[in-house]
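Just so it is clear, none of the values below were taken in a lab; they were calculated from the coordinates. Predicted, not measured: the structure shown is a model, and the values here were computed from it. Note: ideal-geometry Cβ built from the backbone for every residue, glycine included; neighbour counts use all protein chains shown.
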Amino acid sequence: MTVPDIYNISIYRGASWKALFEVTDSLGAVVDITGCKLRAQIRTKPGAVDPAILDLNTPDEITITDAPNGKFKIFISRVKIIDAFDFTSLEKEYEWDLFIEWPNGEDVDCWWQGNVLVDPNVTEPSIN
């Protein structure tokens, strides 16, 4: 079992969000993620029984870009962000984590976790 690293996210209403990641072990060596499945969820809090605010998976929102070198990216479109978050709510901080399912289909590790800060910003987004 791994201890997840902390990675906090800031999401702004009307803007897409993207980040590049590199999976490394506790010594900093690159971890090969060939054949792995990645899944992340954003929720109101850990263990919440309500549906996930966002459910991110390979190959949709999570794309493995260089599996032997442990690299992938997450992309969340602005439309998905506007649809997912209630910007009138007082709840502006959420939690997220990312799991890696290894090719044997049995081993699963939580690799990252952290806070998600949602900023309603000033500019009103338009979707055309």
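For residue 13, nonlocal amide neighbours, meaning residues 5 or more places apart or on other chains whose placed amide H falls under 5 Å from its own, are 119, 121.
Quick one: longest stretch of the chain between exposed loop GluC sites (Glu not before Pro), exposed meaning at most 15 other C-beta atoms within 10 Å and loop per DSSP? My reading of the result: 1-90 is the longest stretch.
Taking 20, 98, 38 in turn, the Gaussian network model of the chain (Cα-Cα springs below 10 Å) assigns the largest fluctuation to 20. Projecting the Cα atoms of 52, 35, 15 onto the charge dipole of the stretch 5-119 (Cβ charges, centred on the Cα centre) puts 15 farthest toward the positive pole.
Using a Gaussian network model of the chain in which every pair of alpha carbons under 10 angstrom is joined by a spring, one finds that among 47, 114, 70 the greatest mean-square fluctuation is at 47. Rounded to the nearest 20 debye, the dipole size of the chain about its Cα centre is 400 debye, using +1 on the Cβ of Lys and Arg and -1 on the Cβ of Asp and Glu. Scalar couplings 3J(HN,Hα) for the stretch 101-113, obtained by applying the Karplus form with A = 6.51, B = -1.76, C = 1.60 to θ = phi - 60°, are 9, 7, x, 6, x, 10, 7, 9, 10, 7, 9, 9, 7 Hz; x denotes Gly and Pro. Give the label of the value calculated from the structure for Rg and Dmax of the Cα atoms in Å, choosing from (i) 14.0, 40; (ii) 15.3, 47; (iii) 16.6, 68. Correct label, based on the coordinates given: (ii). Gaussian network model of the chain, Cα springs within a sub-10 Å range: biggest mean-square fluctuation belongs to which of 25, 109, 83? Looking only at 25, 109, 83, the biggest GNM fluctuation is shown by 25.
When 77, 26 are sorted by how many other C-beta atoms sit within 10 angstrom of their C-beta, beginning with the fewest, the order is 26, 77.
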